[in-house]
1. Taking only protein heavy atoms into account and a 1.4 Å probe, give the accessible area per residue of region 1-128 in Å².
2. Could you order the peptides 62-72, 127-137, 99-109, 14-24 from most to least packed, using the average number of other C-beta atoms within 10 Å per residue?
3. Measure of size requested: the Rg and Dmax of region 72-144, with Cα atoms as the atom set and Å as the unit; please supply both.
4. Any lysines with Cα under 21 Å of the residue 44 Cα? List them, leaving off those in the same chain fewer than 8 positions away.
5. The chain: Rg/Rh from Cα coordinates, Kirkwood Rh?
6. Using 0.36 nm per residue of separation minus the Cα-Cα distance, give me the extension gain between residue 112 and residue 19 in nm, one decimal.
7. What's the carbon and sulfur percent of the chain's accessible surface, probe 1.4 angstrom, rounded to a whole number?
8. Where in the chain are the DSSP H helices whose alpha-carbon span along the long axis reaches 15 Å or more and whose Kyte-Doolittle mean is at least -1.0?
Amino acid sequence: LHGSPTLTHEQIGDYFKDATFGVAEGNLESTESPRSDVTIERDKSFGVPHIYGTTRGGVMFGAGYACAQDRLFLMDVLRHTGRAELSSFAGGSEGDRAMDRTQWMIAPYTEADLESQIANASKLYGPQGEQVVHDVEEFVAGINAYVREALVDPNKLPAEYAALGILAKRMSVLVPRPL
């Protein structure tokens with residue numbers, strides 16, 4: 001309010017989306033349950049996912065699934081960027097190769113380094129570390145569930161994959177896990 005002295009409480013909704021959890025009555029666009037312990041509702045106004053789970057794992061799975069629905073290609077770009085593999089994913093332009101070199105110089109992690117972070121989480125952080133690993137596994141399982149669906153129904157794939165002539169691939173929690 002200090003940035004705009006004339007802004008009133010009633011006008012806030014004109015500039016910001018409602019952050020209330022749950023879809024307001026009459027504003028439900030869709031409901032889906034990609035797994036028995038999770039339901040994802042989206043509102044009509046912006047398509048924001050509201051995730052309900054009967055288990056913590058269900059919520060994490062639903063969050064991964066909804067993120068993949070909304071941001072799969074961006075997630076893939078960031079995953080490849082973090083591993084200094086953007087040029088092999090998005091093309092070998094000089095800019096992509098330079099970004100890969102810079103990333104590797106900043107954080108030259110091998111797959112073994114990444115796997116040891118997961119393997120040592122419970123040793124270093126106890127039950128909280130173990131919970132984080134389980135949460136990430138559930139999140140990635142949600143992503144992979146959406147990727148499996150999208151590979152069967154290409155209409156679910158972001159257009160960028162077709163533009164680059166590549167397919168989406170399953171993600172792993174560093175240590176490959178069966179799906």
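The values are calculated or read from the model by the stated rules, or taken from the named source; none is laboratory data. Treat the numbers as computed from the prediction; the structure is a model and nothing was measured. In this analysis, Cβ positions are derived from the backbone assuming ideal geometry, glycine residues included, and neighbour counts consider all displayed protein chains. What goes into the accessible areas is simple: the full protein's heavy atoms, side chains included, and nothing from ligands, DNA or RNA. Shrake-Rupley method; radii C 1.70, N 1.55, O 1.52, S 1.80 Å.
1. Normalised by residue count, the accessible surface of region 1-128 is 67 Å².
2. Order by mean packing, descending: 62-72, 127-137, 99-109, 14-24.
3. So, for region 72-144, Rg and Dmax equal 14.8, 44 Å respectively.
4. 17, 156
5. Result for the chain is an Rg/Rh of 1.04.
6. Contour length minus the Cα-Cα distance gives 29.4 nm.
7. Taking all protein chains in place, the chain shows 58 percent carbon and sulfur surface.
8. Numbers: long enough: 56-82 (29 Å, 0.22); 94-106 (18 Å, -1.15); 121-152 (40 Å, 0.05).
Answer set is 56-82, 121-152.
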